[in-house]
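Structure first, commentary second.
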Amino acid sequence: MSKPLHVLLGVCGGIAAYKSAELARELQRQGAEVRVMMTRAAQEFIQPLTFASLTGHKVFTSLWDTSATTDSAVIEHIAEAQWADVLVIAPATAHTLAKLAHGLADDFLSAAYLASTVPVVLAPAMNVNMWNHAATRANLSVLEQRGHRIVAPGSGYLACGMTGDGRLADTETIVRAVLDQANPPRDLAGETILITAGGTREPIDPVRFLGNRSSGRMGYALAAAAERRGARVILVSAATALTPPPRCEFLPIETAEDMHAAVLYRLPEATVVIKAAAVADFRVRQVASTKLHRDAPLTLELEPTEDIVHSVVEQRRPGTLVIAFAAEMGLDVVRARQKLRGKGADAIVLNDISREGIGFDSDRNAAVFLTEEAEVRFAESSKEEIALQILDQIPALRSHHLLEQ
């Protein structure tokens, strides 16, 4: 009989700390053995006794165990780091993220992190302004480049009274991230997945452009998840504030024309194309060579941009799957199916951008995965979770495609 998954759970100080008890219990329901370490601030929100009662194990709160009679307590953080199969910190505060990013180790949690060589899952929770601060973003970028899984917070009413991103992700989302990091499925091994992301920029003059509100988070979540599942990933991305997954092949572009050229250039290598980018439908017919001035009303003449999905469908190799995206105000399945047939793609993800807190420039989404024969609805969740559910459809889509050949 195989041993249970060993999860070392770190709990930081924040109102969301109480949710870590639910997380510990759900990990146990999934067959994991859980041990807990807490920062000093975390103990102001929830008592160590709660976790000790739930897990049946000692809770680690300090590098210096005053009850010990030998010096063994001094190296407990080493022993626990070696015991663990995966390290998860939820909630992870801005302060702890900064310590981890910069290699500081002044408490049990941060010292165990530095001593650990196992996969790491970080579930941040904090005030929206702290989450969006440049320092936090820089620290997250460092941690992502180390290969750590960041489970982005959700959006909503926060304990501080503000509304926005910063709420700890749903327990089931964190649990899935932990299980995937510890034992990621390799069902996409052998696939080369070309993914587009971000919103293109169409120049008006040397300093202005037509753009959209796409953050690129959906495409980047797909790229990171596909890599973990064994795929070779080619990411063609318009400008975003995001850091590309460390092992993907990254092609930065700016305009729809640039993206069209880059996608077709790499298309012969692809076995799957996922068009998650928000590509401009129109561009300025005549771009000004110098900066325009506000001397008079301005009229811009626009012309359609290239239909990248249509070009991909026409030029793909036999067997290459094409998954398009349709950003709509609501989940209009009929309209999305019309787009699917018109473009000739194998599937289309109907992406709801109408509701506050989901869609463009958000960490959450709701969607429907449509083929000519089937419809799979994805309930509102993080974009990381939606990405996983989209990738879950590829093996079945591949099997169906082979049957039709």
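The values are calculated or read from the model by the stated rules, or taken from the named source; none is laboratory data. Model, not experiment: these values are computed from the prediction. Glycine gets a Cβ as well: all are built from the backbone with ideal geometry, and neighbour counts include every protein chain shown.
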ask   = Residue check: is VAL376 in contact with a strand residue (DSSP E or B) (Cβ under 9 Å, 6 or more places away or on another chain), at pLDDT below 95 and either surrounded by fewer than 18 Cβ atoms within 10 Å (Cβ to Cβ) or assigned to a strand (DSSP E or B) (or both)?
value = yes
ask   = Could we say that THR117 is modelled with pLDDT under 95, in contact with a Pro (Cβ under 9 Å, 6 or more places away or on another chain) and either surrounded by 14 or more Cβ atoms within 10 Å (Cβ to Cβ) or in a loop (DSSP other than H, G, I, E, B) (or both) here?
value = no
task = Kindly indicate whether any position in region 46-57 is exposed (fewer than 15 other Cβ atoms within 10 Å of the Cβ), in contact with a strand residue (DSSP E or B) (Cβ under 8 Å, 6 or more places away or on another chain) and in a loop (DSSP other than H, G, I, E, B).
result = yes
remark   = Taking region 297-339 and keeping only residues that are in contact with a Ser or Thr (Cβ under 8 Å, 6 or more places away or on another chain), in a loop (DSSP other than H, G, I, E, B) and at pLDDT below 95, one is left with GLY319, MET329, GLY330
key: Subset of region 379-405 that is acidic (Asp, Glu) and either outside the structural domain of LEU340 (by TED's automatic domain parsing) or at pLDDT below 90 (or both) - its residue that is surrounded by the most Cβ atoms within 10 Å (Cβ to Cβ)   = GLU384
message = Among the residues of region 217-265, what is the count of those that are outside any helix (DSSP H, G or I) and of a type in the set (D, E, K, R)?
response = 5
request  = Quickly run through region 173-194 and pick out the residues that are acidic (Asp, Glu) and either surrounded by fewer than 19 Cβ atoms within 10 Å (Cβ to Cβ) or in contact with a His (Cβ under 6 Å, 6 or more places away or on another chain) (or both).
outcome  = ASP187
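Matching residues to (1) farther than 30 Å from ARG398 by Cα; (2) in contact (Cβ under 8 Å) with a residue 12 or more places away in the chain; (3) within 18 Å of the chain's Cα centre (by Cα); (4) outside the structural domain of ASP205 (by TED's automatic domain parsing):
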residue: PRO245; (1), (2), (3), (4): no, yes, yes, no
residue: VAL273; (1), (2), (3), (4): no, yes, no, no
residue: ALA288; (1), (2), (3), (4): yes, yes, no, no
residue: LEU300; (1), (2), (3), (4): yes, yes, no, no
residue: ARG317; (1), (2), (3), (4): no, yes, no, no
residue: GLU328; (1), (2), (3), (4): no, yes, no, no
remark   = Scanning region 31-60 for residues that are charged (D, E, K, R) and under 28 Å from the mean Cα position of the chain (by Cα), the one farthest from ASN183 (Cα to Cα) turns out to be ARG35
Given (1) part of a strand (DSSP E or B); (2) under 17 Å from THR271 (Cβ atoms), index of the condition PHE369 fails = (2)
ask   = If you check ALA98, ALA90, ALA17, which single one turns out to be among the small types (Gly, Ala, Ser), within 22 Å of ALA177 (Cα to Cα), touching a strand residue (DSSP E or B) at 6+ places or on another chain (Cβ under 7 Å) and not in a strand (DSSP E or B)?
value = ALA17
remark   = Within region 224-269, the residues that are of a type in the set (Gly, Ala, Ser) and under 25 Å from ARG283 (Cα atoms) are SER237, ALA238, ALA239, ALA241, ALA256, ALA261, ALA262
